[in-house]
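The values are calculated or read from the model by the stated rules, or taken from the named source; none is laboratory data. In this text, all values refer to a predicted model and were calculated from it rather than measured experimentally. No Cβ is skipped: glycine too gets one built from the backbone with ideal geometry, and neighbour counts run over all protein chains shown. Ligands, DNA and RNA are stripped out before the accessible areas are found, and what is left, the full protein with its side chains, is counted by its heavy atoms. Shrake-Rupley method; radii C 1.70, N 1.55, O 1.52, S 1.80 Å.
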Amino acid sequence: MKHLLLVSMLLATVMTAAAQNEADFAASFMKRFGDSSTLTCNTVSPAMMERLMQSEEIDLDEQNTTLLKNIRSVRIVQEKAGRKDPTLYNAAAGMLDDNPKRYRLRDEYDGKKLYIRQRGKTILEIILLAHEDGLLQVVDITGLMDSKIIQLLTKRVKS
């Protein structure tokens, strides 16, 4: 019985580690469309997230700090100004919609789409897709999260 429990825990650990090492949507999108000079991708690493949470300028309560500690990285893909063509937005939405086993549309509001990738109740990735002022914007958050993080993020995004 102990052996079975140990094997089960080992498999769960390996599966979680494998899920964390999968390519996120922003990386896949940039690999496919990033050769054009119209896109930029900026990454906020775990070290930068830690510095932000320690900053006195950012007012986070204990609950929000706990939620944000589970974020592994944030990638922001933006289309540079000048081009007001929905082609890249449609391509991003198509990549997400064409892969329903991996990504699920969670919410739509104010012209934005919120997709998630999850295993069980654990959310591994949150993708916010927007097309503002004719330009594509993607915010891709990875980590080990739950639905509380979505409530926190959408509350701040909507305001």
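Kindly indicate whether N99 is more than 19 Å from T43 (Cβ to Cβ) and either among the aliphatic types (A, V, I, L, M) or open to solvent by less than 70 Å² (accessible area, probe 1.4 Å) (or both).
On the way: more than 19 Å from T43 (Cβ to Cβ): yes; either among the aliphatic types (A, V, I, L, M) or open to solvent by less than 70 Å² (accessible area, probe 1.4 Å) (or both): yes.
Yes, satisfied.
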Specify the residue that is farthest from D85 (Cα to Cα); the eligible residues are those in segment 105-145 that are touching a residue at least 40 places away in the same chain (Cβ under 8 Å) and of a type in the set (D, E). E125
Would you mind telling me which numbered condition in (1) polar (S, T, N, Q); (2) closer than 23 Å to D61 by Cα; (3) assigned to a loop (DSSP other than H, G, I, E, B) N99 fails? (2)
Taking segment 66-88 as the search range and keeping residues that are modelled with pLDDT of 85 or more and open to solvent by less than 30 Å² (accessible area, probe 1.4 Å), which one is farthest from T40 (Cα to Cα)? I71
State yes or no: is I126 among the hydrophobic types (A, V, I, L, M, F, W, C), under 10 Å from the mean Cα position of the chain (by Cα), closer than 20 Å to N42 by Cα and surrounded by fewer than 18 Cβ atoms within 10 Å (Cβ to Cβ)? no
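Taking the residues in segment 16-38 that are out of contact with any Asp or Glu (no Cβ under 6 Å at 6 or more places or on another chain), at pLDDT 75 or above and among the aliphatic types (A, V, I, L, M) as candidates, determine which candidate is surrounded by the fewest Cβ atoms within 10 Å (Cβ to Cβ).
A23
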